[in-house]
Structures are given as structure tokens and as C-alpha cells.
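Enquirer: Sharing a structure, written as C-alpha cells. Questions coming.
The values are calculated or read from the model by the stated rules, or taken from the named source; none is laboratory data. From a predicted model like this one, the values you see are computed outputs, not experimental measurements. Cβ placement follows ideal geometry from the backbone for every residue including glycine, while neighbour counts extend to all protein chains displayed. Ligands, DNA and RNA are stripped out before the accessible areas are found, and what is left, the full protein with its side chains, is counted by its heavy atoms. Shrake-Rupley method; radii C 1.70, N 1.55, O 1.52, S 1.80 Å.
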Amino acid sequence: SKHCVKLDNRTANVTVKPFELDMGFQFELYVTVSGKKINVSEIPELPIPKDWMMDKLELHFYKTEQAAGGGEIENVTYNKGAGTAVITFLKPG
């Protein structure tokens with residue numbers, strides 16, 4: 001658990017200590033599809049910033065392009081308090 005690290009002609013003795021990683025989150029989304037937009041509801045409130053959730057929603061629906069008809073995202077509107085989002089695609093599908 002002890003190591004010697006050389007940095008810029010100096011030596012530092014370091015000790016490795018275990019740490020715990022936060023658990024991931026898994027949740028279900030309820031979706032209504034209409035042309036270019038998807039309405040997502042019942043998004044659980046998670047202890048993450050609003051912009052992180054928007055990024056996760058965008059990535060999820062972009063990644064589903066090959067599997068379930070997702071695609072390139074134009075806009076994500078997320079209402080944290082209501083647990084809803086509207087995902088707008090560049091192309092209808």
C-alpha cells in the first residue's frame with residue numbers, strides 16, 4: 001500500500017487507501033412519441049444537477065438510434081420539479 005513516486009527530481013512517499021464509489025441509478029421512463037418530439041414523464045428526482053440529467057436524457061435517446069428509432073437531438077427541455085422532459089429530434093422518425 002506504500003509507494004515511492006518521483007516528480008521533478010523530488011521523491012514523495014504515498015500511501016494508497018481504499019475509497020467507496022457512489023452507486024449508479026436505475027429508473028424507468030414513460031414515453032409518448034409524436035413525430036419529432038418525445039414526451040417523457042415520471043422521471044425520478046435524483047441528487048444530480050439538472051444539466052447532468054439533461055445530458056443523460058440526450059445521450060439515452062441519441063444512442064437508441066440503431067436500436068429503437070432514436071437519432072440526433074435538437075433540444076432537451078427538462079422540468080425537474082414535474083419529473084418531465086420533451087426531447088426534440090432534428091428529423092422526424
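Enquirer: Take residue 59 and decide whether it is modelled with pLDDT of 85 or more and more than 30 Å from residue 4 (Cβ to Cβ).
Expert: Values: modelled with pLDDT of 85 or more: yes; more than 30 Å from residue 4 (Cβ to Cβ): yes.
For residue 59, the condition - modelled with pLDDT of 85 or more and more than 30 Å from residue 4 (Cβ to Cβ) - is met.
Enquirer: Right, here's the next one. Please enumerate the residues belonging to region 1-45 that are open to solvent by less than 80 Å² (accessible area, probe 1.4 Å), at pLDDT 85 or above and in a loop (DSSP other than H, G, I, E, B).
Expert: Selection gives 43, 44.
Enquirer: Filter region 67-78 down to residues that are within 23 Å of residue 24 (Cβ to Cβ) and open to solvent by 50 Å² or more (accessible area, probe 1.4 Å) and give me whichever is modelled with the highest pLDDT.
Expert: Of the residues in region 67-78, the ones within 23 Å of residue 24 (Cβ to Cβ) are 67-68, 70, 73, 76, 78.
Filter once more, so that each one left must be open to solvent by 50 Å² or more (accessible area, probe 1.4 Å): 67-68.
Numbers: 67: 51, 68: 60.
Restricting to residues being within 23 Å of residue 24 (Cβ to Cβ) and open to solvent by 50 Å² or more (accessible area, probe 1.4 Å), the top hit is 68.
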